[in-house]
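Accompanying notes for the structure given below.
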Amino acid sequence: MKTKKSALKISLFSIIGVVCLALMVCAGYVLYVFTSYYRIEDNKVLEHKNPEISENISRGKIYKALTMNIGFGAYDDKFSFFMDTGYADAEGKVQIKGRQSRATDKEHVLTNVSSIIKLINGQDPDFILLQEVDEKSTRSYHVNEAELFRSSFADYAYTWAECFHSPYLFYPIREPHGKSTSGLMIFSEASIDSSIRRSLPLSESRFANLFDLDRCLVMNRYKIEGSDKEFVMIDAHLSAYDEGGKVRKKQVDFIKEILSAEHEKENYVVMGGDFNQVLTPGGENRYVKPNGGEIVPDWVASFDAEFEGYKIYGPLKGDDGAEFGTARNNTMAFDPNWTYTVTIDGFVASDNIKVHDITIITSHAFKYSDHNPVVLEFELE
């Protein structure tokens, strides 16, 4: 009898010990996550490289700018993302959800990035604006994507800015998202005079910011031949998954202040990137499939903004002339007859910029990213 009681005590103490150990590990991990997170300071001066480039910007010359969110090299047309949700029925009762938290494998990342580089080269742009370029991230198998772009566009001046970083996230459990460092890049055929990173406002919830991480703008300044004004090229990546729209409003107000300051100086400004908000008229419902298909997801919202002295350019058509969205929902593999698409990538330009054309490059629609590149042709008046 005593032996049974002793064994029971030992088992009970063992269970208590295991539970206590598990709680200590969990508490230690939570402490690690929250102490590892910090915001990158605002107005951070960025290093820029001008490899044997001395050319300034010229008025009257037509330039071509291309913007693309590369989806950290993971989002080929088969990819679905665990944070994306949608509905399989018109009534919004049957929810569907993406599954993957990282790229399929390292080879997929290398293939997608090299294909995007080839696609960009085919457009021969004067300016290249990129978002979600990873440097050393679990989700992209530690491929240094920034270096792949730098080496491929070695003749361009460039700036790289860390947009966000995260500690190792053990979520989702079956395939942890891991640790991330990701950024924005601007390449240009003109010499960069200066470059800064502006931190966009975020949620006040520290927990929420672990999943919808830091967002920022990169602002490059260029000298204009024969003028005391500046040309300012801005690469933007705004927040997604903003329930209630509070963060969106704060970010739009922040951008309004920046653009207003440049307008007062009479500078020439082009801002491009992933706005994560609908830029086209008729917005959310424009590309819903008429004969059934994925309905508008909850994360979609219109870019409710007016900037004095500026126009918003949301592209409506692809380079084949057909209407097309710039981004897709990632609840499942891309299906042109089912998948919800929307235009959230585009440009904002000051009134002293003459826009000749804006086009979505659809020749490889969503094959290498969940965003299609957008090209703006413009000149300084």
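Rule-based calculations on the coordinates, nothing more; no lab input. Given the structure is predicted, the values throughout are model-derived calculations rather than measurements. Note: ideal-geometry Cβ built from the backbone for every residue, glycine included; neighbour counts use all protein chains shown.
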- Euclidean distance between Cα centres, region 244-278 to region 90-155, Å: 25
- Using the number of other C-beta atoms within 10 angstrom as an exposure proxy, rank Ser137, Ser180 with the fewest first. Ser180, Ser137
- Message: Using a Förster radius of 41 Å, what is the FRET efficiency between Glu91 and Lys249 based on their Cβ-Cβ separation? Nearest 0.05, please.
- Response: 0.90
- Message: At a 10 angstrom cut-off on C-beta neighbours, averaged per residue, how do the peptides 273-280, 372-379 rank from highest to lowest?
- Response: 273-280, 372-379
- Report the one residue of His263, Tyr241, Ile53 whose Cα lies farthest in the direction of the positive end of the charge dipole of the chain (charges on C-beta: Lys and Arg +1, Asp and Glu -1; origin at the Cα centre). Tyr241
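How large is the helix-only mean residue ellipticity at 222 nm for the chain, computed as the sum of -39500 (n - 2.57) over DSSP H runs with n ≥ 4, divided by its residue count, in deg cm²/dmol to the nearest 500?
-7000 deg cm²/dmol, from helical runs alone.
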- Yeah, region 90-239 with a ≥ b ≥ c from its alpha-carbon gyration tensor (a/c under 1.5 is rounded, else prolate when a/b outruns b/c, oblate otherwise) is prolate
- Using 0.36 nm per residue of separation minus the Cα-Cα distance, give me the extension gain between Asn352 and Ala22 in nm, one decimal. 112.6 nm
- Positive end of the charge dipole of the chain (Lys, Arg +1 and Asp, Glu -1 on Cβ, about the Cα centre): tell me which of Ile224, Tyr156, Tyr29 has its Cα farthest that way. Tyr29
- Note on the structure: With +1 on the Cβ of every Lys and Arg and -1 on the Cβ of every Asp and Glu, the dipole magnitude of the chain about its Cα centre, in debye rounded to the nearest 20, is 2400
- The residues Leu213, Leu184, sorted from fewest to most surrounding Cβ atoms within 10 Å, come out as Leu213, Leu184
- Task: For the chain, count the residues as N, evaluate 2.2 N^0.38 Å, and divide the Cα radius of gyration by that value, please.
- Result: 1.10
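Can you work out the FRET efficiency for the pair Lys256 and Ile15, with r the C-beta to C-beta distance and R0 = 35 Å, to the nearest 0.05?
0.05
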- Note on the structure: So, with points 7 Å from each Cα along the Cβ direction, the Asn337-Glu175 label distance in nm works out to 2.6
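Could you tell me the relative contact order of region 42-380? Use alpha-carbon pairs under 8 Å, at least six residues apart, and round to a whole percent.
23
What ranking do Met83, Met24, Met68, Met219 get, fewest neighbouring Cβ atoms within 10 angstrom at the top?
Arranged by neighbour count, lowest to highest, Met83, Met24, Met68, Met219 become Met24, Met83, Met219, Met68.
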- Query: HN-Hα J couplings of region 140-153 from phi, Karplus 6.51/-1.76/1.60, θ = phi - 60°, integer Hz, Gly and Pro as x?
  - Reply: 10, 6, 6, 6, 7, 5, 4, 5, 4, 5, 4, 6, 7, 10
